[in-house]
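Where a number appears in this text, it was derived from the coordinates with a stated rule and is not lab data. Keep in mind it's a predicted model, so treat the numbers as computed, not measured. Cβ: placed from backbone, ideal geometry, glycine included. Neighbour counts: every protein chain shown.
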């Protein structure tokens with residue numbers, strides 16, 4: 001399998017293993033910060049998560065611009081160090097008895113805002129680190145699998161660790177994971193193309209940022225399948241968030257009449273399906289990227305429909321796992337299009353554009369979920385969301401067909 005060949009390359013194995021640890025650390029941070037915030041302020045504690053998401057959205061496009069201007073290795077190291085220091089102060093303040101809601105919000109804003117630089121810089125660095133298209137595809141699969149592994153393994157590990165250490169030490173684990181990530185990126189060395197070539201005529205200041213963003217939008221406009229993927233991704237993200245983030249716990253509670261353990265199993269099944277799909281899709285030779293991307297979203301929709309077809313837990317678990325198979329089928333081809341079809345000095349901006357639209361869609365889906373589940377039963381609401389996902393995919397297949405479309409030179 002291509003994954004094994006990638007992991008035999010020392011620098012890629014080092015990078016991937018560090019990002020797996022970092023993803024697990026982030027999961028522990030999310031559990032601890034939300035639990036403590038709710039204990040301190042009740043339902044108002046949700047403002048901590050909102051603050052981090054808002055900061056990521058606010059600085060998302062700006063992060064892409066600077067990921068394409070600065071040395072990407074240095075950018076990622078500095079971001080990790082800032083995050084390690086910010087999160088590392090939390091267990092110290094907890095030990096001193098001074099951990100308050102306003103400080104949790106401040107750290108969340110800092111982590112979210114500088115984090116907007118890290119992901120675009122990482123994704124834009126992968127073509128140079130991988131070296132060829134087949135290795136790049138497998139590397140994308142490995143990097144994509146990190147957060148999915150965290151989703152699959154996180155609940156069990158968190159439940160185990162909390163029996164042996166105070167919850168506030170989850171922050172310590174996350175801080176250490178940032179340090180490990182920074183050291184791993186430092187040890188990759190300087191022999192790769194970390195800094196993209198930049199037009200010497202490019203403007204500085206606000207006008208330069210606007211000019212670069214407009215240029216990135218022009219590139220996306222020239223790439224019809226990528227433009228479709230980014231725009232449709234907002235609608236799909238809204239429907240996915242309403243169907244799974246909100247729908248899954250409601251399905252376990254109101255339909256299956258089960259406890260939080262059943263909800264955890266549904267989320268875990270989704271993580272397992274994601275991981276299995278990553279291992280397969282990352283090792284395939286994808287000749288029809290657009291078709292794979294669109295069919296992947298149909299698989300997500302089909303899984304959600306199956307998940308609510310019969311109100312029993314085994315069916316919900318299988319449907320969740322089936323829906324998860326479509327995630328990497330849709331995501332990996334999009335990353336390949338961005339990294340292979342576009343100039344290296346625009347990858348960060350276009351990746352940030354995609355993530356910003358996706359996050360905005362997710363936020364909209366979470367807002368619309370309340371009235372959706374108020375007026376509709378849980379199964380019908382999830383079916384409606386699945387049909388939105390399916391409709392965008394069908395429209396895409398009608399637009400592009402099953403053959404790989406010819407892409408204009410960017």
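Worth a mention:
- Relative contact order (%) - the stretch 204-400, alpha-carbon pairs under 8 angstrom, separation at least six: 36
- Stretchable slack from residue 38 to residue 183, in nm (0.36 nm times residue separation minus alpha-carbon distance): 48.8 nm
- Relative contact order of the stretch 47-133: 54 percent, from C-alpha pairs under 8 Å at least 6 residues apart in sequence.
- Counting other Cβ atoms within 10 Å as a rough exposure proxy, the listed residues 221, 11 run 221, 11 from fewest neighbours to most.
- Against the empirical curve 2.2 N^0.38 Å, the C-alpha radius of gyration of the stretch 100-179 lands at a ratio of 1.41.
- Distance between modelled label sites at residue 397 and residue 74, nm, 7 Å Cα→Cβ extension: 4.9
- Considering only alpha-carbon pairs that sit under 8 angstrom and 6 or more positions apart, the relative contact order computed for the chain is 25 percent.
- For the pair residue 280 and residue 8, label points projected 7 Å from Cα toward Cβ lie 2.5 nm apart.
- Prolate/oblate/rounded call for the stretch 204-400, Cα gyration tensor, a/c under 1.5 rounded: prolate
- Translational diffusion of the chain, estimated by Stokes-Einstein from the Kirkwood radius over alpha carbon pairs at 25 °C in a medium of 0.890 mPa s, is 112 µm² per second.
- The stretch 357-387-the stretch 97-145 distance, computed between alpha-carbon centres (Å): 27
- Length gained when the stretch residue 227-residue 344 is fully extended (0.36 nm per residue, less Cα-Cα span): 40.4 nm
- Sites residue 165 and residue 191 - FRET efficiency at Förster radius 45 Å, r taken between beta-carbons, to 0.05: 0.70
- Shape call, the stretch 272-369: gyration tensor on alpha carbons, a/c limit 1.5: oblate
- Selected from 348, 215, 233 as most flexible by GNM, with the chain as the system and alpha-carbon contacts under 10 Å: 215
- Diagonalising the gyration tensor over the Cα atoms of the stretch 1-192 and scaling each eigenvalue by 5 before taking the square root yields semi-axes of 30, 19, 14 Å, largest first.
- Helical content of the chain, expressed as a calculated mean residue ellipticity at 222 nm, amounts to -27500 deg cm²/dmol (DSSP H runs of 4 or more residues, -39,500 (n - 2.57) each, divided by residue number, nearest 500).
- Efficiency of FRET from Cβ geometry, residue 93 and residue 404, R₀ 51 Å, rounded to 0.05: 0.40
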